[in-house]
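Bear in mind that the values in this text are calculations on the coordinates, not laboratory data. None of these values were measured; they are calculated from a predicted model. In this analysis, Cβ positions are derived from the backbone assuming ideal geometry, glycine residues included, and neighbour counts consider all displayed protein chains.
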Amino acid sequence: MLEMEGQFMMRKLYEEGLTISEISRETGHCRKTVRKYIREKEYQSFERKSKRKSKLDPYKDYIDARLARYNLSAVRIMEEIEEMGYDGGYSTVKSYVKMVKRTTRRVPAEIRFETRPGVQMQVDWGELEDIIVDGIKKKLYCFNGVLGYSRMRYIEFTLDCKTETFIQCHVNAFQYFGGVTKEILYDNTKNVVLKRALMSSKSTWNPLFEDFNKYYGFIPRLCKPGKEGAKTKGKVERVVGFAKSNFYLGRDYDSINDLNNQARQWMEKVNGKIHGTTKEIPFNRWVDEKLEPFDTKTPYQITRIEYRKISKDCFISYMGNRYSVPWQYAGLQAKLQIQNTKIKISVNGTDICDHVVREGSGHFVKNNEHFEGLLKEIMTRNRVQHELRISRMKILAPEVEKRPLVEYDVFSGGVSRE
């Protein structure tokens, strides 16, 4: 059984957002052991048992000395101590060699990278599960941002990871943090860089994102590829795992807006608690960030493009709500341009109407002007269809032969008029 100190360390790392696998690598215990002690409600105490004597005991000093000098295998150690008189089993030797190597193995020393106030923000995407929106299965994503010095966290859930969405999430994060850092650190995402070069300055940047970062004047930094990059952006990677385990899993919500409103409440809570690494409250350290002012410029204008088919009842669907369009365009393909909280709708290059985005889901946003003349059109259409049916009936009806009335007198026995 693991000592209480080890159990406490595992739980603490888990609360900081590390995954089971990451805790396993950090502590040297297998994932099954880590999972067991994280799930335990109480810390497990134990009493040390008196050690049993082992046939290997007389040879342990020799084994320790050999392994300290050379990285020998258990098979090699077995051969050497058998010549010295050892007559025990190989599994005992193998277990002891493994334990010695694990406890004496050197790990390269590293310096923890701490960011100065106001210098850096780290950003990354988190991918969650598939959900159903407007009857369509879509992937749910989580935008994650963290200020390097204060550890202030920001999360936002989206239904895509397009560059337009990525930029809008930045703007929302800047509003939440109250400013912009001097630089922002990214993974090598296509939202930021289309082709990575050895020298970042020689890379091919995403033109839309490049325009955005120049507008606000921050410098985009790229992580190194591989494990070195993971170490560089470790702060935000922990936020990704923490947001998923501590907030999202097991949570009920009615819409994306509802989920993001709940996320806001969660951010207020976690940013007001003592951080596991800094041992300080992020809100308190945030005061020292002194970020570049965000409200000195007009918010960057981002236009997102979506396409929808207009229904027969003259509505388009967007984010769980339905918006009316002029009835003349029923059944046609519409282009939606979403900018901040406004939707502009066009058909074949012609703007036909606009709406303000409605929060929540299941709402019908109707403009009565869009239906003016529709009743008259329906009545005219019905009359035309009725007249068409009548004309078809006339065409299909059999033609009756017409005879002079005098002929009927003959057949009925009347007087002949010869």
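Specify whether the C-alpha gyration tensor of the stretch 120-286 places it in the rounded, prolate or oblate class, a ≥ b ≥ c being the square roots of the eigenvalues: rounded for a/c under 1.5, otherwise prolate if a/b is larger than b/c and oblate if not. The shape class here is oblate. Here r is the Cβ-Cβ distance between residue 367 and residue 261 and R0 is 22 Å; the resulting FRET efficiency, rounded to 0.05, is 0.25. Counting only C-alpha contacts under 8 Å and six or more residues apart, can you give the relative contact order of the stretch 303-371 as a whole percent? About 33 percent, as a whole number.
Highest mean packing first, where packing is the average number of other Cβ atoms within 10 Å per residue, the peptides 158-165, 134-141, 319-326, 264-271 line up as 319-326, 158-165, 264-271, 134-141. Extending 7 Å from the Cα toward the beta-carbon at both residue 380 and residue 346 defines two label points whose distance is 2.8 nm. In this rough spin-label picture, where each label sits 7 Å from Cα along the Cβ direction, the residue 101-residue 199 distance is 4.4 nm.
Listed cross-link partners 162/195; 162/290; 297/344; 139/190 are compared with a 21 Å cut-off, the Cα-Cα value being larger for 162/290; 297/344. Express the relative contact order of the stretch 120-286 as a whole percentage, based on alpha carbon pairs under 8 Å and six or more residues apart in sequence. Across the stretch 120-286, relative contact order equals 24 percent.
Once both labels are modelled 7 Å past Cα along the beta-carbon direction, what's the residue 292-residue 312 spacing in nm? Distance between label points: 5.5 nm.
For the stretch 193-321, what's the relative contact order in percent, using C-alpha pairs closer than 8 Å and at least 6 residues apart? Relative contact order for the stretch 193-321 comes out at 11 percent. In summary, the lysines within cross-link reach of residue 55, defined as a Cα separation below 22 angstrom excluding same-chain residues under 8 places away, comprise 94, 98, 101. Charge tally for residue 333 (other residues, Cβ to Cβ under 13 Å; Lys, Arg +1; Asp, Glu -1): +2. The gain in end-to-end length when the residue 253 to residue 337 segment is fully stretched comes to 27.6 nm, 0.36 nm per residue minus the alpha carbon separation.
By the scheme Lys and Arg +1, Asp and Glu -1, what is the net charge of all other residues having a beta-carbon under 13 Å from that of residue 313? Neighbourhood net charge equals +4. Once you list every other residue whose beta carbon is under 10 Å from the beta carbon of residue 131, what net charge do they have if Lys and Arg are +1 and Asp and Glu are -1? Value of the local net charge: +1. In the stretch 303-371, the convex hull through the Cα atoms has an average projected area of 4.2 nm², a quarter of its surface area. Taking amide H as placed 1.01 Å from N in the peptide plane, the amide H of residue 275 sits under 5 Å from that of 280, 281, each at least 5 places away or on another chain.
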